[in-house]
Amino acid sequence: MKNKLSVFLILIVLAAVGCEEENVMPKPKAMLRLDYPIAKEALLDADHFSFNYNDRATPIIKNQSAIIIDYPSMKGSIFVTHKNIDGNLQKLIADAEKLSMEHMKKADNIQPRTFINEENRVYGTYFQIIGDAASQSQFYLTDSVQNFITGSVYFYSKPNYDSILPAADYLQGDMRAIMETLRWKK
C-alpha cells in the first residue's frame, strides 16, 4: 500500500512540475506571395498577324495557324489559333463563345468583356473565368473580314483556382497585352 501511495505522489508531483503553463501564441495568418517580373515584350510575327508577347515565355509555332506561348516556370501556356473567315464569321464567334461557356460547369463566374480597337480593326471579346475551370481566361479577335483568332490560358495541373490565382492573373495580363498589340497583315 505504501508503494502505491509513493507512486501516486510521484505522479502528482511530476504532473504539477511538467505542466507549466506557457503563453501559447497562435501563428499569424500568412498568404503565399509570388512575385513575377515585369514583362518585357518581344514581337511574334506570323503569316496573318503579329503581336507582342512576354519575353520570359517561349513561343512554339506548331504551324502558322497554331501558336503556343509557353511559360515553363509557371507550368502554363497561352494557346493561340488562327482561322480564315470564309462566310462563317457568326459560326466562328458562336463556337468561341460556346467553348468559353462550357467552363461554366466548373467555374463560379464568367465575365465577358468586349474588346474594340477601331484604329487597327481588331474586335472581339475577352472572357475571365473565375473558379476551378480548366482555363482561367479566353478570347477571340477578328477583323470581321478575313481573320479570326482564339486564345486560351491553360495550366499543366488540375485546376485549383486559389492555388494558381497569382500565375493566372499574370498570364491574363499577358493575354490582354497580346490582344492590345495584335496587328493584322494585309
(request) Could you tell me which of Ile12, Phe115, Leu99 has its Cα farthest along the dipole of the chain towards the positive end, charges placed at Cβ (Lys, Arg +1; Asp, Glu -1), taken about the Cα centre? (result) Ile12
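Tally Lys/Arg at +1 and Asp/Glu at -1 over every other residue whose Cβ is under 12 Å from the Cβ of Ile85; what's the total?
Working: positive: Lys83, Lys91; negative: Asp86, Asp143.
Summing Lys and Arg as +1 and Asp and Glu as -1 gives 0.
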(message) If each DSSP helix of 4+ residues adds -39,500 (n - 2.57) and the sum is divided by the residues in the chain, what number results at 222 nm, nearest 500 deg cm²/dmol?
(response) -9000 deg cm²/dmol
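About the Cα centre of the chain, how large is the charge dipole given +1 on each Lys and Arg Cβ and -1 on each Asp and Glu Cβ? Please answer in debye to the nearest 20. If you can, show how the numbers build up before the last one.
Details: 21 positive and 22 negative charges, 104 e Å.
So the dipole magnitude of the chain works out to roughly 500 debye.
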(request) Mind ranking 117-129, 62-74, 82-94, 140-152 by how tightly packed they are, going by the mean number of other C-beta atoms within 10 angstrom, highest first? (result) 140-152, 117-129, 62-74, 82-94
(message) Suppose each label sits 7 Å from its Cα in the direction of the beta carbon; what would the Val7-Lys91 distance come out to in nanometres?
(response) 8.9
(request) Would you kindly calculate the translational diffusion coefficient of the chain, applying Stokes-Einstein with the Kirkwood radius from alpha carbon pairs, for 10 °C and a viscosity of 1.306 mPa s, and quote it in µm² s⁻¹ without decimals? (result) 81
(message) P(r) for the stretch 103-186, please, calculated from all Cα pair distances in 5 Å bins and given in %.
(response) 3, 14, 25, 22, 15, 10, 7, 3, 0
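For Arg183 and Thr81 in one chain, what is 0.36 nm times their gap in residues minus the Cα-Cα distance, to one decimal in nm? Walk me through the numbers on the way to the answer.
Values: separation 102, 0.36 × 102 = 36.72 nm, distance 1.47 nm.
That works out to 35.3 nm of additional length.
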(request) For the chain, set up a Gaussian network in which alpha carbons nearer than 10 Å are linked by springs, and say which option among Leu11, Leu165, Leu44 fluctuates the most. (result) Leu11
(request) Report relative contact order for the stretch 43-130 in percent, whole number only (criteria: Cα-Cα under 8 Å, sequence separation at least 6). (result) 14
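Once you have the Cα-Cα distance between Asp45 and Gln146, take 0.36 nm times their residue separation minus that, and quote the gain in nm to one decimal. Could you put the intermediate results ahead of the total?
Details: separation 101, 0.36 × 101 = 36.36 nm, distance 1.74 nm.
Stretched out fully, the Asp45 to Gln146 stretch lengthens by 34.6 nm.
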(message) Just want to confirm a number: the relative contact order over the chain, from Cα pairs under 8 angstrom separated by 6+ residues, in percent.
(response) 21
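Once fully extended, how much extra length lies between Leu165 and Met101, figured as 0.36 nm per residue of separation less the alpha-carbon to alpha-carbon distance?
Values: separation 64, 0.36 × 64 = 23.04 nm, distance 1.98 nm.
The Leu165-Met101 span can extend by a further 21.1 nm.
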(message) Output wanted: per-residue J couplings in Hz (rounded whole) for the stretch 157-171, from phi through Karplus 6.51 cos²θ - 1.76 cosθ + 1.60, θ = phi - 60°, x for Gly and Pro.
(response) 7, 5, x, 9, 3, 5, 6, 9, 3, x, 5, 5, 4, 5, 5
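None of the figures in this text is laboratory data; all of them are computed from the coordinates on show. From a predicted model like this one, the values you see are computed outputs, not experimental measurements. We place every Cβ from the backbone using ideal geometry, glycine too, and count neighbours over all the protein chains shown.
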